[in-house]
Protein chains: 2
Amino acid sequence: MTIRTATEADVPQILTFIRALAAYEREPDAVTATEAGLLHDGFGPNPFYQCLMAEQDGRPAGFALFFFNYSTWKGCPGIYLEDIFVQPEFRGLGIGKALLQQVAAVAVQKGCPRLQWEVLDWNTPAIDFYRAMGAEFLDEWRNVRVSGDALQRLAAVEIAQ
Amino acid sequence: MTIRTATEADVPQILTFIRALAAYEREPDAVTATEAGLLHDGFGPNPFYQCLMAEQDGRPAGFALFFFNYSTWKGCPGIYLEDIFVQPEFRGLGIGKALLQQVAAVAVQKGCPRLQWEVLDWNTPAIDFYRAMGAEFLDEWRNVRVSGDALQRLAAVEIAQ
């Protein structure tokens, strides 16, 4: 098994993984990302994300995509793990654990005291896996979002300056 | 009321707001952030966060602190609102709404389709306010974290390369 940093040449495979993860998360039609967008956003001078690729016997097996967030309580950056995924045929080989360990190693190397992510409440195999990795669940915090028309409406109001 | 972008001179006030918000969130001892850290992380060439300051009659009234996250489904950056806070003596004047609107305006201006944040499940005044602003609650997603000794242990394991 190999874990390595993604390059521009991996973008088509990254998009394939993103779509496969969305399908697993029961949102197969939610992905509107494009190769051009992922290339632009992840591989410029100030990338919005970083990505690790896992390979088994030279074949793409999984990925982890993450970026920096910021803790005002800690007063320093943390790492937010947006996606972690292992192809079904490569599960049970420790690839997910190796990806999570490598992201944790990046966090420690960068001086980030926290690695954070989200999991769907019905995804019990993942929840059990994360708990075994030492994760805690911050269930008193609810996730809130404004998007689409609601975001446009909220943004459109004139602000007193 | 004035909403403006924070400058380096606002860092002491930002830390005061961070501590006041932590006290409101029943974690008064959780803040270990320092002025030096906030200055370094928010005001260098590639800042980890951005901050808006609200003033009422020239006095500091509140703040909103945010950064970019990344949606792999949308294939573009979004905005994550880490902190929004209005001092108790300035509540009821629409300052929180103005701060949220200004952050939404930044999101729209930057082409971000989503503005996301978290709220404590017992904070019903905030939950009602966010709902009135058009927010949705993503309650099927649980927040997961590895930090401290658990992060060190996870990172320390040798990875097969």
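Check segment A:9-23 and report whether any residue there is in a loop (DSSP other than H, G, I, E, B) and open to solvent by 10 Å² or more (accessible area, probe 1.4 Å). Checking segment A:9-23: not a single residue is in a loop (DSSP other than H, G, I, E, B) and open to solvent by 10 Å² or more (accessible area, probe 1.4 Å).
Selection of segment A:111-149 for residues being in a helix (DSSP H, G or I) and closer than 19 Å to residue B:121 by Cβ yields only A:127. Condition check for residue B:128 on (1) open to solvent by 20 Å² or more (accessible area, probe 1.4 Å); (2) farther than 20 Å from residue B:24 by Cα: one failure, at (2). When residue B:155 is tested against (1) open to solvent by less than 30 Å² (accessible area, probe 1.4 Å); (2) more than 7 Å from every other protein chain (Cβ to nearest Cβ); (3) not acidic (Asp, Glu), just one condition goes unmet, and that condition is (2). Filtered by the rule that a residue be without any contact (Cβ under 8 Å) to a residue 24 or more places away in the chain, more than 20 Å from residue A:5 (Cα to Cα) and within 8 Å of chain B (Cβ to nearest Cβ), segment A:105-125 gives A:119, A:121, A:122. The criterion of being crowded, with 20+ Cβ neighbours inside 10 Å and part of a loop (DSSP other than H, G, I, E, B) does not hold for residue A:51. Those residues that are hydroxyl-bearing (Ser, Thr, Tyr) and part of a loop (DSSP other than H, G, I, E, B), I need them from segment A:24-40; list them, please. A:32, A:34, listed by residue number.
Here residue B:93 passes the criteria (1) open to solvent by 50 Å² or more (accessible area, probe 1.4 Å); (2) of a type in the set (A, V, I, L, M, F, W, C); (3) closer than 30 Å to residue A:49 by Cα except the one numbered (3).
Filtered by the rule that a residue be open to solvent by 20 Å² or more (accessible area, probe 1.4 Å), under 18 Å from the mean Cα position of the chain (by Cα) and over 16 Å from residue B:145 (Cα atoms), segment A:54-85 gives A:55, A:60.
Look at residue A:81 and say whether it is touching an Asp or Glu at 6+ places or on another chain (Cβ under 9 Å) and more than 7 Å from chain B (Cβ to nearest Cβ).
So residue A:81 fits the description; yes.
The values are calculated or read from the model by the stated rules, or taken from the named source; none is laboratory data. Everything numeric in this text was worked out from a predicted model, so none of it was measured. Ideal geometry is used to build each Cβ from the backbone, glycine not excepted, and the neighbour counts take in all protein chains shown. Keep in mind that these areas ignore ligands, DNA and RNA; they rest on the heavy atoms of the full protein, side chains included. Shrake-Rupley method; radii C 1.70, N 1.55, O 1.52, S 1.80 Å.
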